[in-house]
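Below is one structure; the comments refer to it alone.
A short reminder: the numbers here are calculations on the coordinates, not readings from a lab. From a predicted model like this one, the values you see are computed outputs, not experimental measurements. Heads up, the Cβs are rebuilt from the backbone with ideal geometry, glycines too, and the neighbour counts pull from every protein chain shown.
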Amino acid sequence: MAALDAGANNYVTKPFGVQELMARIRASLRSYAGSGAATPVFDDGHLRIDLSRREVVVAGEVVALSRKEYALLALLLRHAGRVVTQPQLLRELWGPTHQEDTHYLRILVAKLRQKLGDDASSPRWIATEPGVGLRFIQTP
């Protein structure tokens, strides 16, 4: 009961069946999905990214992104301010068999930066952490 008082949403006592655990997980996921959890919207006055509408606007103009470009941007925005590693990006965008294909990521990032008007040498939104990954820069 202390865990519930401390903020836990649910608990299972031992021994428990796998079916009960899975049912509780499904119920928690349904509850979370229906809770109206905030979908990230980024707007710094120049770039607006609305994940719920799947819309990217730069300087008042809607930007057409490919599926992969949008997936990359959305992933970075969901982890805004934190570094997302190259292996994580490759795994989430292309699957587990492509974790060594860093050239895919370099090409995709270059195309995305070009469409957003973001300069790699002086990034406004997408910063490269050399040898580690990428970070979406949160500007006030």
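Could you tell me which helices of the chain pass both thresholds, a Cα extent of 20 Å or more along their own axis and a mean Kyte-Doolittle hydropathy of at least -1.0, with helices taken as whole DSSP H runs? Result, helices passing both filters: 18-33, 102-116. Distance between the modelled labels on residue 28 and residue 122, one decimal in nanometres: 4.7 nm (7 Å Cα→Cβ projection). Close amide-amide hydrogen proximity is noted between residue 51 and 42, each under 5 Å apart and 5 or more residues distant or on a separate chain (H modeled in the peptide plane; Pro and chain starts excluded). Site pair residue 44 and residue 59 shows an inter-label distance of 1.5 nm when each label is modelled 7 Å from Cα along Cα→Cβ. Can you spot the lysines whose alpha carbon is less than 19 Å from residue 68's alpha carbon? Ignore those fewer than 8 places along the same chain. Filter leaves 111, 115. A straight chain from residue 52 to residue 106 at 0.36 nm per residue would run longer than the Cα-Cα distance by 16.8 nm.
Checking (1) -0.73, -1.15, -1.23; (2) -0.46, -1.32, -1.55; (3) -0.56, -1.08, -1.31 against the coordinates, the calculated log10 I(q)/I(0) by the Debye sum over Cα atoms at q = 0.11, 0.19, 0.22 Å⁻¹ falls under label (3).
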